[in-house]
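The values are calculated or read from the model by the stated rules, or taken from the named source; none is laboratory data. These numbers were taken from a predicted model, which means no experiment stands behind them. For neighbour counting, all protein chains shown are included, and Cβ atoms are generated from backbone atoms with ideal geometry for every residue, glycine included.
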Amino acid sequence: MLTDIDRDNGCSKVTANEALKWLIEGNRRYVSGQLVPPDLGSARRSELRAQGQFPFAVVLTCSDSRVPPEHIFNQGLGDLFVVRVAGNVVDDVAMGSIEYGLEHLGAPLLLVLGHDYCGAVKATVDGGEAPGSIGAIVERIKPTVDAVRQSGASGDELYRKAEDENILAVIKEIQSSPIIKHLLEHQQLTIVGGKYHLDSGEVTFIEI
């Protein structure tokens with residue numbers, strides 16, 4: 001969680017390693033139940049309105065109501081720039097939001113966070129007709145599911161591997177953005193993958 005000094009300086013002085021450390025430490029507090037109460041008071045709200053936002057990380061994650069990043073990482077107002085889409089997939093609008101958080105707001109870290117028992121991944125694995133625009137989500141996950149299935153995975157292993165590979169596929173897609181490429185080439189950005197486990201509350205990080 002950002003200190004007052006960190007907030008005053010903005011996140012231009014925060015490194016990706018520091019940002020990742022804050023996420024890891026926050027998740028440990030969440031898992032252990034030793035939470036630091038976030039500042040949600042009127043003074044903090046006024047500060048953010050007057051001085052603007054300096055989030056230390058951008059988090060792309062699933063819309064699942066059981067996966068709230070601010071709680072999972074024990075962070076407060078203004079700390080995380082969160083983009084939530086079912087299946088933690090990325091389209092042009094989500095990509096633009098990510099680019100804004102990284103390029104315009106200057107966050108040094110992007111976390112693509114999936115989770116186990118993901119309904120969007122399960123729907124894609126199970127197949128069948130997806131009503132309305134839900135099909136657009138399934139179509140983005142389907143190539144990953146097909147590749148995992150072709151590798152020989154089945155049953156529970158297919159679901160779990162598809163969840164993991166979906167995170168990596170989304171990261172690869174994000175890396176194709178010219179803005180993201182520029183930030184990576186100039187060492188202004190680090191991208192990590194993570195998976196949230198519903199039962200334990202723990203986030204395990206995935207090597208890219």
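Please state which one of V67, V93, V145 is more than 26 Å from K161 (Cβ to Cβ) and of a type in the set (V, I, T). Even if it seems obvious, please write down each step before you answer.
Details: V67 fails: more than 26 Å from K161 (Cβ to Cβ); V145 fails: more than 26 Å from K161 (Cβ to Cβ).
The unique qualifying residue is V93.
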Item to check | In segment 181-205, the residues that are under 15 Å from the mean Cα position of the chain (by Cα) and either modelled with pLDDT under 95 or not in a loop (DSSP other than H, G, I, E, B) (or both) | outcome: T190, I191, V192, G193, G194, K195, Y196, V203, T204, F205
Next on the checklist: Being in contact with a Leu (Cβ under 6 Å, 6 or more places away or on another chain) and among the hydrophobic types (A, V, I, L, M, F, W, C) is the filter here; which residues of segment 57-76 pass it?
Outcome noted: A57, V58, V59, F73
Checklist entry - Checking G114 against (1) in a strand (DSSP E or B); (2) over 14 Å from the mean Cα position of the chain (by Cα), which test does it fail? => result (2)
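Got at least one residue in segment 120-132 being touching a residue at least 60 places away in the same chain (Cβ under 8 Å) and at negative phi? Spell out the reasoning first.
Going through segment 120-132, the residues touching a residue at least 60 places away in the same chain (Cβ under 8 Å) turn out to be none.
Looking through segment 120-132, none of the residues is touching a residue at least 60 places away in the same chain (Cβ under 8 Å) and at negative phi.
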Checklist entry - Within the set of pairs 6 or more residues apart or between chains, which connect a residue that is touching a residue at least 24 places away in the same chain (Cβ under 8 Å) inside segment 184-206 to a residue that is of a type in the set (S, T, Y) and part of a loop (DSSP other than H, G, I, E, B) with Cβ atoms less than 7 Å apart? => result L198/Y117
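Among the basic types (K, R) and closer than 27 Å to K161 by Cβ: which single residue out of R49, R44, R28 fits that description?
Values: R49 fails: closer than 27 Å to K161 by Cβ; R44 fails: closer than 27 Å to K161 by Cβ.
Answer to the check: R28.
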Checklist entry - Out of the residues in segment 52-99 that are in a strand (DSSP E or B) and in contact (Cβ under 8 Å) with a residue 40 or more places away in the chain, which is farthest from the chain's Cα centre (by Cα)? => result A57
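Assess whether A162 counts as being crowded, with 21+ Cβ neighbours inside 10 Å and either outside any helix (DSSP H, G or I) or on the phi < 0 side of the Ramachandran plot (or both).
Working: crowded, with 21+ Cβ neighbours inside 10 Å: yes; either outside any helix (DSSP H, G or I) or on the phi < 0 side of the Ramachandran plot (or both): yes.
Judged against the criteria, A162 is a match.
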Checklist entry - Given P131, P143, which one is modelled with pLDDT under 95 and either part of a loop (DSSP other than H, G, I, E, B) or of a type outside the set (A, V, I, L, M, F, W, C) (or both)? => result P131
